[in-house]
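So the structure is just underneath, and the comments pick up after that.
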């Protein structure tokens, strides 16, 4: 599970990162609102913790921007604001939960687990332009014809379809599908993308998997 922390107080950010990593979460930290918004809109996270008052871009604005393209990811506000209207404003902006500073880490961890548990129900089928992936039977069909995929190809296609419409970075794909970090060489990803394309292609220039140069790959409608 991958969590983004957007918090400008370095001590709190480090405390949260260390505590969550001890719980086996993968954590990214942004120390200002602008960087937080950049990460939140360009990478894939299972949950986002965001402070309300931030330099650059406020937590409220970050949440509103995220919700324009991502309705699903749980967002939890961390803030010293404590009025009823503050709570209402945060929730109306798109936050799923709201915890007031100072707080106990155990309470925050419990709230995170609730949000992740609520969000973890996955559909049994994923589809795109005649392509259907069935997670129950572990089968893939293109226009009604079954396509035989290896376990790794299936996992790669599942990740891309689960995040269709989003750009999946090379690093996010490697971490999710291979469950490791490639610091320098990620050529295996390109090899498997080519394998998938050959099996899924429907014609010249009609690859379902699009390359986003310098970033990664996506499955989405062509503009």
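For the reader, a short list of remarks on this structure follows.
- Criterion violated by residue 38 - all others in (1) free of Cβ contacts under 8 Å to residues at least 12 places away in the same chain; (2) in contact with a strand residue (DSSP E or B) (Cβ under 6 Å, 6 or more places away or on another chain) satisfied: (2)
- Check on residue 2, under 23 Å from residue 117 (Cβ atoms) and in contact (Cβ under 8 Å) with a residue 40 or more places away in the chain: yes
- Residue in the range 98-115 that is at pLDDT 90 or above, buried (at least 17 other Cβ atoms within 10 Å of the Cβ), closer than 30 Å to residue 216 by Cα and in contact with a helix residue (DSSP H, G or I) (Cβ under 6 Å, 6 or more places away or on another chain) present: no
Let's see how each residue does on (1) within 27 Å of residue 167 (Cβ to Cβ); (2) in a helix (DSSP H, G or I); (3) over 20 Å from the mean Cα position of the chain (by Cα):
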| position | (1), (2), (3) |
| --- | --- |
| 20 | yes, yes, no |
| 37 | yes, yes, no |
| 85 | no, yes, yes |
| 113 | no, yes, no |
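- Here 71, 166 are screened, and the one residue that is farther than 30 Å from residue 188 by Cβ and not in a helix (DSSP H, G or I) is 71.
- Positions within the range 138-153 being out of contact with any strand residue (DSSP E or B) (no Cβ under 7 Å at 6 or more places or on another chain), modelled with pLDDT of 90 or more and more than 23 Å from residue 215 (Cβ to Cβ), in sequence order: 148, 150
- Only one of the listed residues (218, 135, 125) is in contact with a strand residue (DSSP E or B) (Cβ under 6 Å, 6 or more places away or on another chain), within 24 Å of residue 2 (Cα to Cα) and at pLDDT below 90. That residue is 125.
The values are calculated or read from the model by the stated rules, or taken from the named source; none is laboratory data. Just so you know, these numbers come straight off a predicted model, no measurement behind them. Note: ideal-geometry Cβ built from the backbone for every residue, glycine included; neighbour counts use all protein chains shown.
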